[in-house]
Structure formats: structure tokens, C-alpha cells
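First comes the structure, then the notes that go with it.
Computed from the coordinates by the stated procedures, all read-outs in this text should not be read as laboratory data. Bear in mind the structure is a predicted one, so any value in this text is a computation, not a measurement. When we count neighbours, we look across all protein chains shown, and the Cβ atoms used for this are built from the backbone with ideal geometry, even at glycine.
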Amino acid sequence: MCFKLLVRQMDRTNRRRHLILLVFISVLFILGTIFVYSLSEFTQLAFIEQRNFPGGPSAYENDMFWIPVDELGVAVWVIGNWLMDLLLVWRCIVIFSALPGVPIWAVVVLPSILFCASFSTGLGVLFLVKTSHSSPYGSPKFTIIYFATTLALNVMVTVFIAARLLYYQRRARTVFGGMHMSHYSNLASILVESAALYSIFSILFVMTLALHHPLSDFIAQCMAPVQTVASLLIIFQAKSVPKQNNEHVSHLLSPTSARLL
């Protein structure tokens, strides 16, 4: 649906921007597919081919986390997380670029720092999987730091975007009246829900991992598909603006922001 929408709306004025988004969602889809393949192969090894491993499938999944097929899944998971964080920071820049009296760097400096921290700790997770010959859950403190960092980034940017869109909503009500308010309300709610979707799973994962609860394994398997869906929801909602409303919102944004939407 997201791919079809971008292709249908593509014209000479937005061709470059839409091509970038098409590449972005294609990469997200490929990464999500690779993760599902990796998870399926690793599950088959644990529960079928290596069923007699000492300690059973659970011990196999914990002790053999370092094998290439599972390393691949962890790698695409972390890369997908980086892409989602970048998408949220980009949306934050677009929406806040028209904020009067406040330089854009003042808004994005903290999310950018958190993204750099998330990127660095993500590299650490990949290095841990590659070199430790065990599950990263064996070093829960470092894994918790990584997910706490990316969770903080997601929650912060989500709150920033929602607050700014609510401000647009009030301005739109003043300028255009209530008849044009449904889209702005839906846009704010969808953005909040899409980012909160991954944030909720991150909170549950960090909590269960810190408590050494076996449910953390199940939640971890859900997080890569969830982050892909959340990213696609943001792009789909941002590009599903009716033409009339798109013209209205352009009056509420700076020219640069209007071109980026």
C-alpha cells in the first residue's frame, strides 16, 4: 500500500523525494524479510535439526546465538532500528523547521545525540554477537543500555512531533475553520500510535530482559516486524494527505517544510 501510494503520487515536482522514500521502504521490507528468514531458520535448527542439543531448544538458542544465520537476523534488526530512528528524526526536522524564534538545531540536538548513542551501542551489540559466542542476553546490562537509548529517542521525538502537530491543529482551526480539522487530528494520532507501537514493545523487552524473564525472547522476535510496520505507517500517513489539505498545510509551514512533506 505504501509503495503503491508513493508511485501513484509521483510527478515531476516530487520525483526525487518519492524515489528516496521508495528506496527507503524497499530496504525496510527487505530487512524485515531477511529477519523473518533468519528467525525461521534458527527456529528450525533449535526445534528440529538440533532437538537433542544438551538442555533442549532453549539452551541451543542461547548458546548458538553467534552462528551466521542468527547473526544475520540481529544485524538486519539493528540496521532497521537505525533507519526507523533516522525517519523519526527527519520528520521532527521537517515539522519543526517552521518554528518561529527557535533555531532547528535547538530542537534536534538532543534527538541527534541520542541517535548517535543508539548507533554506537548498536554497533556494540553487533560486536558482542560476533565475538562472544553467546546470546547478547548473556550481557543484559549492555543490551538494556542499547534499547533504553533507542527507546528514549523514540519517545522524545514522538512527543515533540505530537506537540507540534497539535499546535498546527490549533492554527488550522483558526485559519481554515473546523471543517479541515479531521486530517490534522488523525495525522497526530497516527504518528503517536505508530511510534508508540515500537516504544511499547521496547519497554516490555527492556523490562523482561532486566528481570531475566523468558518472555523477552518472544518480544525480541516481534520487534523487527513492529519497527518496520511503524515506519511504513508514518510514511503512509504522511503521504496520504488529500490534495486540498496538502495545500492548506503548506500555508502553515515554511516553504522548505512544505516541500519536504
- Item | Label point distance in nm, Met1-Arg16, each placed 7 Å from Cα along Cα→Cβ | 3.1
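If packing is taken as the mean number of other Cβ atoms within 10 Å per residue, what is the order of 43-50, 108-115, 156-163, highest first?
Details: 43-50: 14.1, 108-115: 16.5, 156-163: 18.4.
Top to bottom by mean Cβ count within 10 Å: 156-163, 108-115, 43-50.
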